[in-house]
Structures are given as C-alpha cells and as structure tokens.
1. Being surrounded by fewer than 23 Cβ atoms within 10 Å (Cβ to Cβ) and among the basic types (Lys, Arg) is the filter here, so list the residues in the range B:426-483 that pass it.
2. Just one of A:Thr435, A:Thr401 is in a strand (DSSP E or B), within 24 Å of A:Gly272 (Cβ to Cβ) and either of a type outside the set (Lys, Arg) or modelled with pLDDT under 95 (or both); which is it?
3. Please verify whether A:Glu65 is out of contact with any Ser or Thr (no Cβ under 7 Å at 6 or more places or on another chain), surrounded by 22 or more Cβ atoms within 10 Å (Cβ to Cβ), under 30 Å from A:Gly12 (Cβ atoms) and among the charged types (D, E, K, R), treating the condition exactly as stated.
4. Output the number of the condition that B:Ser175 fails; it satisfies all remaining conditions of (1) outside any helix (DSSP H, G or I); (2) touching a strand residue (DSSP E or B) at 6+ places or on another chain (Cβ under 8 Å).
5. Picking from A:Gly244, A:Gly226, which residue would you name as being within 15 Å of the chain's Cα centre (by Cα), assigned to a helix (DSSP H, G or I) and within 13 Å of another protein chain (Cβ to nearest Cβ)?
6. Does at least one position in the range A:187-200 carry a residue that is outside the structural domain of A:Cys282 (by TED's automatic domain parsing), modelled with pLDDT of 95 or more, among the β-branched types (Val, Ile, Thr) and within 17 Å of the chain's Cα centre (by Cα)?
7. Going by what's in this entry, would B:Val163 be described as facing another protein chain (nearest Cβ under 10 Å), among the β-branched types (Val, Ile, Thr) and in contact with a Gly (Cβ under 9 Å, 6 or more places away or on another chain)?
8. Among (1) without any contact (Cβ under 8 Å) to a residue 24 or more places away in the chain; (2) more than 14 Å from chain A (Cβ to nearest Cβ), there is one condition B:Arg64 misses while meeting the rest; what is its number?
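The values are calculated or read from the model by the stated rules, or taken from the named source; none is laboratory data. Nothing here was measured: the structure is a model prediction, and the numbers come from that model. Using ideal geometry, Cβ is built from the backbone for each residue, glycine included, and neighbour counts are taken over all protein chains shown.
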Protein chains: 2
Amino acid sequence: MAAVVSIDPRTGQAVEEVGQETTTAEVDRLCAAALAAAPDLEALGRAGRARLLRTLADALEDRREDVVAIADRETALGPVRLNGELTRTCYQLRLFAEVLDEGSYVEAAIDHAGDTPMGPRPDLRRMLVPIGPVAVFGASNFPLAFSVPGGDTASALAAGCPVIVKAHGSHPATSQLVFDILAAAGDKAGAPAGTLGLVHGVQAGADLVAHPAVRAVGFTGSVNGGRALLQIIERRPDPVPFFGELSSLNPVVVTPQAAAERGPAIGAELVGSFTLGGGQFCTKPGLAFVPAGPDGDAVVEAMAEAVRGAGAPVLLNEGISAAYGRISDDLAGAPGVEVLARGAEPDGAGFQAAPLLLATSAVELPQEVTEECFGPVSVVARYEGEAELLTALEAMPSSLTATVLRGRGETELPLAVSQQLRPRAGRLVYDAYPTGVAVSWAQHHGGPWPSTNSQHTSVGTTAIRRFLRPVTWQGAPAELLPPELTDDYRGIPRRIDGVLELPR
Amino acid sequence: MAAVVSIDPRTGQAVEEVGQETTTAEVDRLCAAALAAAPDLEALGRAGRARLLRTLADALEDRREDVVAIADRETALGPVRLNGELTRTCYQLRLFAEVLDEGSYVEAAIDHAGDTPMGPRPDLRRMLVPIGPVAVFGASNFPLAFSVPGGDTASALAAGCPVIVKAHGSHPATSQLVFDILAAAGDKAGAPAGTLGLVHGVQAGADLVAHPAVRAVGFTGSVNGGRALLQIIERRPDPVPFFGELSSLNPVVVTPQAAAERGPAIGAELVGSFTLGGGQFCTKPGLAFVPAGPDGDAVVEAMAEAVRGAGAPVLLNEGISAAYGRISDDLAGAPGVEVLARGAEPDGAGFQAAPLLLATSAVELPQEVTEECFGPVSVVARYEGEAELLTALEAMPSSLTATVLRGRGETELPLAVSQQLRPRAGRLVYDAYPTGVAVSWAQHHGGPWPSTNSQHTSVGTTAIRRFLRPVTWQGAPAELLPPELTDDYRGIPRRIDGVLELPR
C-alpha cells in the first residue's frame, strides 16, 4: 500500500506522511463496525443524537487553531476563509441538532383504521428511519464543511446513520486530525463504537462504495468521479442510492437596466465572486451575460480592471492546477473567444494559477464555455437585446445556481430570464452573487444533472432526507411502534388521518 | 413497425389489433408536446390540477363497464377484482386532488434575511416544483391502478408533470381505451395539449427513456426490466431519476403462539393471499416461516388442503406463464425442497397455471426460495425455535413487506422478528396479510433493492415527491415568487424561519 502524503500547495512539496492507504481488509472491518453501530446509534434517539452533534461541534471549536493551521497548510485557502468554514461546519452540526429536536423530518403520519371507498383500511403508521451506514466522499475545495465533519456527515449522523468518510487526497492530514477529534469526542459522548470511520486512498473509496454494509453514498466532486462511483454501484447486487454534487456553470445575467445603473460595481463584484477561493467554489459564476453597448462595456471594463489587479491564487492540488491550465487554454482558444484580461502570472512556486477573463458573443456560444472550469476563470457573453439573451439561455446546462442582476424595481425581463433558468437551476439568485451558500431551512444546493444526480440538497436542513427511508407499520401493537408513532406522543408535528398537527 | 395485438389469456389467442407500435418519430413528437405542455400544466396551479384530477376520475367511472370488460378480456383478472381496481384508481386520482388542496407537499419554507453566526443571511424561499415530463411504464399485473391511469400518472399530474405512458404489452386495448377516455376528459377540462401521451412497443419505451425531454421515469416490473431501463438512463448525457418497483419476496413469520391459537385459519388465509390475483401481486407472500411441531403442522396441513382445492388461475401473458413453469419447476427441484401440494392442473387452454405449495427447512434455505417467483406458488420454511428463525431471517432479501402473525398479546418474539426484518422491508404487517395495499397518507410501498431502487413510495400520497424537485429563490422580489412563497400567503402549511406554521 502506498503512503498517504500531505502536500503543501504553496510549494508543491510533500511535508508530512499521514499514514498508509487503507487496505481492503481494513475497509471491511470499518464497514462491519458501522453496521454493528447502526441500531445503537438509532437507539440514542433524536435527543441523544442531538447531544452527540453538539458535542462534536464543541470539540471542533476547541481545536480551532490546530485545525485551521493544518487546513491552511494543505489547501492554501487562508486562515480567514478557513476560520469561517470551521464556524460554518460547527453551525451545521448544531443546526442538525435543532432539526432533531424539532422532529418533523421523520414525516410521522398515522392513518387510523377505518372505512374507505375501497373497503376497510387497516391502521397504518409511517415515518422515516435511518438508511444504514453511509459512505461520504470529502470534497477537495471544502476541507471542513464538505469533508470529514461536513454537511453530509452531520446530516447522516443526525439521521441515525454511521458514517465512513473517504478523505480527499488534497487534505489527508486535516481529515485525519479532524476525524481524531470527532472520534474521541463521540466516544466520550457515548456514540457506539463504529459510528465514525475514515479511509484514505482511491482503492479504499472504491471498496467502500462496493461494500454490502454501505447503504448510501454522498459525494461532492467531478462528473467523472461521480460517474465512476455510479458504475461501481451499478455492479453491486443491490445498487444503493448515490447523492452526487458534480458540476455547475452558474450563469449570471446582467440586465441592461442593471448595467446602466451600476455597471462598474457589478463588474468588480463579479470578479470578486469568480476569483473567491481561487475560483474553486461549485457555485463560481462561470459565464456572465452582459448587454452589448456602452453600459455593458462599463461592466466588462470594470471586470477586466479587477482581473488585471488580481493576484495568482494557489490552487488546491496538482491535478486541479494542471486541469486549469489545460481547460482554460482550450477555453481561450475556442472559436469566437477572446482574452480580455489576465491577472498576476504564477511566480513558479506550487500550484498557482493566473486569473483569466474571456469574452464571446451570446449568439454563437461555443460549447466549451457552457462547461464548468474549476479555477479563477470566467467568460463574458455579450448579448444584443432580450430575444438574443433568452435564446442563448436555452443552451445553458443545469446548474446549482442561476443569477439575475436587475435594475431597481425591474421585473419584466427578470421574470422572462427566471422562466428560462428555473428548469436549469436549483437556486435562483437575485441581485447578489452565487458563491455564498447559507446553511438554513430554506436553502437548496442541488439541481438537475450535471449539477447533481438527485432531487435532494447537500446544504441545509433537508439534506437529512437523503439518508432516511420510509417504513410503514400496519396493525402494529403499540409496544412495537417507535415512540413518535404511538397515539399519545405529542412532541413533533405529525399528520393524523391526513391532517397535519403541530406538537402540543 | 409491428402491429400491437390484444391477446385473450384465457385462450392465448389474439382477438384484436389495437394499432401499430409507436415510431421513434412519434415518440419524439409526444415528448416535444409534453415539454411544451409543462409550463401551462404548472400554471393551472394546485386548484386547477385538483379539478383536472377529479374530472379524470369522473370520466373513468362513467365508462366503468367498458373498461372492466376490456380489462377482463385482456387480463382474466375477473370483474370483481377489476371493478375494485377501477374504484381504487379513481380514488387515487381524487386523493391526489386532496393532496393538492392541502398543499404541504410543496414543502414551502421561508427564511427571512437576518444575522447568523456566519454573518448576514439573505432572504431564502424554498419549495418543490414539477420535475418536467415523466415517462410511466404500465405494469402487467394492474391494468388500471399501476398503468395508464394509475398511481404514477396521478402523482405526476398532481405534481404538475406531463405524463407519457408506455402501455404494457399485456393490455394494449385497455391502455388505449383508458388513455382515450383520460385524454378526452383532460381536453375538456382545459389540460394543455401534450399533458398526456401513450406509446406502444418495447422500442418506443426505450426511446422514451432516452428522450431529452423526459425528466423522470416511473416503472413497475421485473429487476431485469428495471436494470435495462437504468442502463439506457446511464447512457444519457444527463441521467435522470428512475423510480423502479422491482421484485419482492414478502416473507411471513408465523410465531409458535399464533400457530397454536389459530393454525388452521392462518394456513387457509395464507393460501388465499398467495393465490390472490393468480399470485401476481408484488406483495404476494412467497415464503412463510412456520414452526416445527404439531401446531405448525396444522398450519401447513391447512395450506396443503387449500392448495389442493384451488383452481388453476389464468396468468396474465405467455411470458409470465412460461416463467412460472420454469421457475416453479426449479424451485420444486431445489435441494431440500419438497412438493407439499398442487392445485388444479391447467386444462390446456390459455395461460393457466397450477398452484403449488413447497416446503423446506429454515436451517438451510436454498438460494432459490429467497427469490420472487411471479405466480401462485409459495414456500413454507419450517423452523425449530427462535434462534433458528432469527438466523434464517438474516438471509431474507429486502422486500416491499414483511409480515408477523403473532399470538394474542404476544410482543417479545414479534419484536425480535421486527428488528430483523425492518432493515429488509418497507412495510411491517402485523396479524394480516401483505397483499392488500391501502392508498392513504401513511402508506409506503417501497423498500431497499431489489424491492425498489429508491427511497420513495409508489403508493400513497407521498408518491408525489418523486416528481418534484426543490428550488430556492434568493433575494427574489415578491413579483417573481410563486404565490405559496409570498409573505402574505396563508393557504398551506409553511416553515417560517424554521418554525412550521399551519394555514390560517
């Protein structure tokens, strides 16, 4: 087995050997432990798991300095961003504790026995139960919030599912440290042994997805990575649910009125959004539609100026850096595409990349500009008039987000744009930029393929639904029912004979 | 293109040419029409679609006699069953109208802008929207309730999705008649052109699943059929959600106490359940665990007697009939399996099948008896004591249902059995038989692979969730929001800043 090595992207050099890649036998042992832990984790109940999640959040915060330092060394994302990401990660864990306290996520429903037009109906009681052990694939670009202690892990644990994380190769030391913190805190808080596991290495990830004990997979990564895991799942005797967050272009439309009112500000903000985190957000705006003419020119000039002033960010790893070079070159060389501006050139060390602003016409959008390119590049597509804009939007692939920047009080064109983009997006953003993804009850981070392969979110409270499945009890004696489905239980919202009732 | 022929299973003879198999060009035309209809169907709103569903139910009932007659000719299921199935089908349509009236299925949630531990949060509003045109595959065994006017169609239309049904080859005339009734009633009720489509033929089904306009697929059929459609979906540039209801063994456990208290009654009832509809229910109990000893013998003797007195049902089509002969022969010849009783032998006409009761030991269950065999056969597995029973249950595949028949007031063994079976079942049935599936709010008809490939139900109100996807509006002006997400709307349950509120 190969060694697992932590690389500093600022230098491109290995700085630490974290351990060995996880063997197939060890994956098997972790999966067996997770399967054995599942009934006890469920038996902790909603209150017990809420306590567990809060304990994990506290433990992470207690080690904030160490975690941020090692994550910064492995990702070069900087302490400000990483401190924010750790805060968000802890918030997620605590928010899922609230979800457990509130309890409507189990969708409890009771239909008492009675007569119907089809004859007598038996007593039926339905709620969601944990799906079983979950494999979570850490993402390259969020070493905390979408990795070992991230939203997939938080929502799966909340659901009552043991979790085995496949550490991303970009940040194995961060993954191992954070795992050790969570595992120790979990032990102390009474989590059953086997509740959390960690594996390193590509083969270990494949073994995990193929393992009979694993009942669902959460993944944030590339379309190719997602397709590869889907193929492993299809070869299982029992294909299991796969929840992939894959690829997203995130188109932005600047209306003529918006360009007229605040073109230069929009231009600067757009560059801020597409270069944030080195352009390595899944919600990075990869294509902006800007009107032709002087108002649009002002947007584009402000963008070009901001890009020319931008430093060369350090990308997360060698693969992303190489792909950025290759794909951004292809983009720049595509027919009808011109280079508007370049940021600082890499000074040679590590995985730096030059920010890049390209332009093309909305009338003949090259295929290349409708595909996601990870890194600090974005394309401006100039349009002449509404009809041209709306036609161009038909070529948009599905994305996590679609953004409209509109004028004060403007609704007509934004409505037409929204109607074109809603079938192609999970989140419609107005007068803001897509790169911030708040964690909340009404958030949705998803969308049709290629943004995800599912109808579920990977951010926000409803992410828990991915790791639950319904069970109906028919004619069950009260002693055999979960507490939430007994007649006298009043702690959570329930649907009784078709009528939703609040707790009392 | 080949002719589409209606065959009478009682004789095996073709009695009517229904038309021609649908061409690829015609599938394309239907899909384009469905895509064009989608925005208008959504724009009907919840109230408009509720009216549409009620109109469709009324139209079907108006033609009850014709529909039942032609369905009986094509399926040999008999007028009593088919009248019941039509009643259920109309009830389903009306129940989804109630779901629309009630409105919580859209999962409306509003998070107002505010401060959080991560900084300011924008205004976020989430609800579920229609996924787009849906392909529905009619099932062989329910020519109405799981076919053209069935639960998939009802729930997809309720969701706001145009539907194109692939008629099952066992009942093309029924499918065509019912489609014509629905399409005419839909037109009259103001459904947009393209809301409903029908295709005939295997190639047309494949074309449908591959078509870019189709955004989700609902399927009830075999594992092999489901796998074939999944492969088509995987080859799409944009794989879409697939909801398959595939295969189910439906194990039943008779506890020693139940056998002692009412063994002979249980035996007769079990045979009634596994021979119902010719043993062609997806919830047919295919394997029953019965205690060794005299009380269990009484169960088995009553089963054998009932089977010996059972007539030979007519199966739905030649393929099912041939598979039944082959698979039931394999089952009967499996190591450790003995034939306990046979029902009436076929008299030679059509697709008749002899009911068959087999026995084996729970200790060494042959692989063959853990797989579904469509048709009037069931296996009794005798067990000696609890430990042997609980160990045997570990070999159970996942099923739509798992049933426990227990003694009066008995809870200890039923609890242990339930704990073994809950991870392997979608519905836990106590002291009843799995073959009735009530349509209601708390029903669930699903389960882990191979019973389904998804975490959703295909029966009951929550079936609508399959054909919806979440969208979040961020910072949207009120004019651009769906009515359900505006501040003043009060018609449905909504979650406001994390708190569930009932309509007022």
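1. If the condition is that a residue be surrounded by fewer than 23 Cβ atoms within 10 Å (Cβ to Cβ) and among the basic types (Lys, Arg), then B:Arg465 is the only one that fits.
2. The match here is A:Thr401.
3. So A:Glu65 does not fit the description; no.
4. It is condition (1) that B:Ser175 fails.
5. One residue alone meets the criteria, A:Gly226.
6. no
7. no
8. Every condition holds for B:Arg64 apart from (2).
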